[in-house]
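These notes are about the structure you will find just below.
The values are calculated or read from the model by the stated rules, or taken from the named source; none is laboratory data. Everything numeric here is computed off the predicted structure, so don't read it as measured data. Reconstructed Cβ throughout: ideal geometry from the backbone, glycine too, with neighbour counts over all protein chains shown.
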Amino acid sequence: MPSGPFSGLTGPWYERAAAGRYTLLITISDRHLNRHGMVHGGMLMSLADNAHAGAAELQTGGVMVSTAALQCDFLGMAGCGWLEAVAWVNRKTSALIFTGAEIRAGGELIVTSTAICKIMGAK
Amino acid sequence: MREAASALGLGYRLLADQGDPYLHFIGPFYERHEPDGGFSYACEVRPAHANMAGNAHGGMLMSFVDMVMAQPAYMAQGNDQVTAVSTVASFIAPVRIGDLVECRPDVLRKTGDVLFVAGVFRVADICVLSAQSLWKLAPGMASR
């Protein structure tokens with residue numbers, strides 16, 4: 001579960017994990033929006049970042065990871081309401097985990113993302 | 001060795017409210033007009049910005065990145081009718097609570113409807129993050 005001060009500020013978050021896929025949900029409200037009344041790009045990237053970490057940590061036995069690289073492509077927009085991020089692991093090495101993620105709003109794909117996560121403490 | 005620096009002490013002023021509720025919610029952020037006409041931006045990383053490890057949350061940094069990269073896009077376009085299409089970032093070094101993160105973003109290229117923006121983010125003289133963003137004239141927004 002995303003925790004720590006910044007995730008506490010931006011959440012609450014809801015998660016589930018099944019068959020190696022990590023799902024993270026958040027309700028978008030007014031405080032998450034940009035000037036155009038859409039979810040702010042920074043908030044979408046916060047959701048993506050948390051989802052990548054959640055998927056990676058499914059495979060580390062709870063050892064924390066830190067994001068080394070993140071790419072987000074913005075295919076669409078969303079306003080207030082539920083957002084669902086699904087993330088998965090593409091490859092795990094001794095120190096790095098390569099992950100993918102998608103964010104949907106009402107079933108519509110709005111963000112595709114990849115990340116490289118570093119396993120904290122790994123050499 | 002990183003020394004605590006304050007944005008106001010380095011000549012920054014509070015970023016003018018541009019009407020984004022999210023940035024007001026997670027900020028404040030700062031801007032500084034450079035003598036040669038450019039702009040720099042800064043974020044003082046506060047305890048509320050931390051992740052579980054006690055560093056700045058990656059999403060918090062990406063939120064600052066998004067704000068910073070938007071500014072030259074707005075200026076190049078002459079209005080705020082632009083939307084981010086893609087952003088990529090490398091997290092080069094951890095950012096700690098109390099750090100002042102600064103960036104002076106650049107427009108690498110502007111075509112008819114696409115802008116390429118790049119930024120190197122530093123804490124003192126340490127490069128902590130680099131980012132590139134692709135911006136596009138927002139469809140359906142021009143008439144608002």
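Observations, loosely collected:
- Of the numbered criteria (1) crowded, with 24+ Cβ neighbours inside 10 Å; (2) in contact with a strand residue (DSSP E or B) (Cβ under 7 Å, 6 or more places away or on another chain), the one B:Val82 fails is (1).
- Breaking point among (1) among the small types (Gly, Ala, Ser); (2) in a helix (DSSP H, G or I); (3) within 11 Å of chain A (Cβ to nearest Cβ); (4) loosely packed, with under 14 Cβ neighbours inside 10 Å, for B:Gly9: (3)
- Residue, surrounded by the most Cβ atoms within 10 Å (Cβ to Cβ), within the stretch B:69-79, restricted to residues that are in contact (Cβ under 8 Å) with a residue 60 or more places away in the chain and within 11 Å of another protein chain (Cβ to nearest Cβ): B:Met69
- Of note, A:Arg16 does not satisfy the criterion of being within 11 Å of chain B (Cβ to nearest Cβ) and not in a helix (DSSP H, G or I).
- Filter result (touching a Gly at 6+ places or on another chain (Cβ under 9 Å), facing chain B (nearest Cβ under 7 Å) and crowded, with 22+ Cβ neighbours inside 10 Å) within the stretch A:36-73: A:Gly42, A:Met43, A:Met45, A:Ser46, A:Asp49, A:Asn50, A:Thr67, A:Leu70, A:Cys72
- From the list B:Phe29, B:Phe64, B:Phe25, the lone residue that is more than 9 Å from every other protein chain (Cβ to nearest Cβ), closer than 30 Å to A:Thr112 by Cα, surrounded by 14 or more Cβ atoms within 10 Å (Cβ to Cβ) and of a type in the set (Phe, Trp, Tyr) is B:Phe29.
- Residues in the stretch B:32-52 that are without any contact (Cβ under 8 Å) to a residue 24 or more places away in the chain and either of a type in the set (Phe, Trp, Tyr) or within 13 Å of chain A (Cβ to nearest Cβ) (or both): B:Ala48, B:Asn51, B:Met52.
- Any hit, the stretch B:112-125, residues being in contact with a helix residue (DSSP H, G or I) (Cβ under 8 Å, 6 or more places away or on another chain), surrounded by 15 or more Cβ atoms within 10 Å (Cβ to Cβ) and over 26 Å from B:Leu10 (Cβ atoms): yes
- Any chance B:Gln18 is out of contact with any helix residue (DSSP H, G or I) (no Cβ under 6 Å at 6 or more places or on another chain), polar (S, T, N, Q) and part of a helix (DSSP H, G or I): no
- Breaking point among (1) modelled with pLDDT of 95 or more; (2) more than 10 Å from the chain's Cα centre (by Cα), for A:Gln59: (1)
- Scan of the stretch B:85-106 for residues that are surrounded by 16 or more Cβ atoms within 10 Å (Cβ to Cβ) and touching a helix residue (DSSP H, G or I) at 6+ places or on another chain (Cβ under 7 Å), ordered by number: B:Thr87, B:Ala89, B:Phe91, B:Val95, B:Val101, B:Cys103, B:Pro105
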